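In what follows, a single structure is set out as structure tokens and then discussed.
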Amino acid sequence: MKSCRICDSPLTIFLDLGMMPRGNGFLTPDEFAHEFKFPLAAAFCASCTAVQLIEQPPAESIFHETYPFFTGSSVRMKTHFKELAGEIKVRSLADKNNPLVIEIGSNDGTLLKNFAEAGYRHLGLEPAAGAAVQARAAGVTTEIAFFNEEIASEILRTHGPADALIGANVFCHIDSIRSAAQGVKRLLNSSGAATFEDPYFIDMLEKTAYDQIYDEHVFIFSVTVLDNLFKSCGLELKDVKRIPTHGGSIRYWVGHAGSAPLRSQSVDAILREEEGQGVGQLETYQKFQEKVKTASRDLKALLEKLKNEGARLAGYAATSKSTTLLNFAGIGPELIAFISDTTDFKQGKFSPGMHIPVVSPEKFRPPYPDYVLLLAWNHVEEIMEKEKDFVKKGGRWILPVPRLEIKP
Ligand code: TYD
């Protein structure tokens with residue numbers, strides 16, 4: 001892909017991260033020799049400013065039956081989605097008679113469960129069959145499907161229009177983004193509201209969070225880009241809000257152009273801010289590239305120094321983000337002995353590319369390693385709270401993002 005997925009203009013690469021495995025490509029030793037890799041590079045479009053991958057492996061090879069991400073693995077994310085469901089009920093559904101709620105990329109049903117349990121008509125669309133099966137077991141009606149214009153038409157025929165359409169950390173995954181936006185246009189009721197959230201480009205810049213760039217995140221959106229995308233298919237951004245999840249995200253509310261409610265001033269305010277932050281200027285991206293290279297070098301140098309001093313090092317949470325972080329820096333099992341992770345699918349396997357063993361949190365017990373690299377830095381509060389004993393026994397956390405830091 002050398003031209004923009006939104007406006008077809010040529011793309012300019014600003015960060016070449018080299019050959020990279022899939023973010024969630026956890027594997028067994030017999031698979032090492034044939035490990036899939038692809039050229040991971042982030043580019044921006046000088047015309048519409050959309051930040052996107054030059055190449056994304058086929059979606060079917062990422063979101064498959066054993067896709068190992070489960071929303072419910074974080075207690076805080078469960079609370080986050082419970083609150084979001086509450087807000088949607090009040091904001092979008094309060095005056096509706098027997099409304100229909102549809103979630104795109106509904107994963108294990110963590111969010112939709114809040115509607116299912118309250119008796120709302122609902123439907124989840126989830127391409128990863130393993131997660132969909134978990135959702136069904138939790139009482140959430142789920143179809144195994146990718147979202148695009150075609151499936152939107154089919155659902156419209158079988159279920160009718162959606163009063164609330166939701167997508168959390170989903171739109172940034174969709175290569176055929178124009179078809180997905182057209183699908184929203186088609187499926188959303190004339191007075192309906194769509195609510196999405198995705199990692200936010202400005203947070204990535206501000207935090208040098210280059211680990212947001214991996215195979216699944218084909219886009220890292222700014223509001224500037226979203227505004228143009230939705231406008232181009234007869235929709236309108238109604239409201240936007242920065243939220244802290246996934247290391248810094250943007251929540252955006254979308255409706256049909258001209259429908260109620262009126263567009264909030266928050267949209268234009270954030271558009272002005274983004275202009276000031278240089279979303280359309282090549283220099284912004286060049287500076288980011290420099291910061292990424294420095295951050296990656298500094299992280300590896302710190303780990304090598306500690307190792308040379310005799311420290312025992314491990315990783316915490318085998319996130320998909322960490323695949324970029326570890327591979328780009330070249331941090332393998334010679335530095336990080338193991339990564340502790342709560343996901344059954346990942347335990348007993350090895351991390352993509354660098355082949356660090358992934359173990360169950362039951363193995364993260366005394367005697368603890370001296371230093372632990374927190375790869376889920378976005379869940380820092382939840383994890384530090386849970387693992388107080390590690391620090392009590394003298395352990396120290398290494399935070400790679402937003403800036404390299406040892407705690408306490
Ligand atoms: P997340 O940052 O959502 O991952 P990603 O970068 O893949 O989007 O973190 C989810 C991963 O972190 C998942 O593999 C489970 C793991 N995890 C733990 O092991 N312990 C924890 O306490 C938390 C919150 C997550």
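The numbers here are math on the coordinates, done by the rules we state, and not lab data. Given the structure is predicted, the values throughout are model-derived calculations rather than measurements. Here the Cβ positions follow ideal geometry from the backbone for every residue, glycine too, while neighbour counts run over all protein chains shown.
The table below gives the values:
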item: Residue identified as over 23 Å from Ser176 (Cα atoms), more than 16 Å from the ligand (Cβ to nearest atom) and assigned to a loop (DSSP other than H, G, I, E, B) among Arg272, Arg263; result: Arg263
item: Single condition Gly23 does not satisfy, out of (1) assigned to a helix (DSSP H, G or I); (2) buried (at least 21 other Cβ atoms within 10 Å of the Cβ); result: (1)
item: The lone exception for Lys305 - which of (1) within 10 Å of the ligand (Cβ to nearest atom); (2) free of Cβ contacts under 8 Å to residues at least 12 places away in the same chain it fails; result: (1)
item: Members of segment 236-262 found to be surrounded by 17 or more Cβ atoms within 10 Å (Cβ to Cβ), without any contact (Cβ under 8 Å) to a residue 60 or more places away in the chain and more than 13 Å from Tyr200 (Cα to Cα), listed by number; result: Glu236, Leu237, Lys238, Asp239
item: Filtered residues of segment 213-235 (kept if of a type outside the set (D, E, K, R) and free of Cβ contacts under 8 Å to residues at least 40 places away in the same chain); result: Leu226
item: Residues satisfying the stated conditions in segment 323-348, i.e. of a type outside the set (Val, Ile, Thr), farther than 19 Å from Gly395 by Cβ and crowded, with 21+ Cβ neighbours inside 10 Å; result: Leu325, Leu326, Asn327, Phe328, Lys346
item: Residue, nearest to the ligand (Cβ to nearest atom), within segment 375-385, restricted to residues that are farther than 20 Å from Leu313 by Cβ and out of contact with any His (no Cβ under 6 Å at 6 or more places or on another chain); result: Glu382
item: Segment 317-347, residues that are over 27 Å from Leu15 (Cα atoms), within 7 Å of the ligand (Cβ to nearest atom) and of a type outside the set (Gly, Ala, Ser); result: Asp341, Thr342, Thr343, Lys346
item: Top-ranked residue of segment 358-374 - restricted to ones that are surrounded by 17 or more Cβ atoms within 10 Å (Cβ to Cβ) and within 14 Å of the ligand (Cβ to nearest atom), ranked as nearest to Met204 (Cα to Cα); result: Leu374
item: Among (1) among the aliphatic types (A, V, I, L, M); (2) within 27 Å of Glu149 (Cβ to Cβ); (3) outside any strand (DSSP E or B) - the single one Val240 does not satisfy; result: (3)
item: Odd one out for Ser296, checked against (1) under 25 Å from His34 (Cα atoms); (2) more than 10 Å from the ligand (Cβ to nearest atom); result: (1)
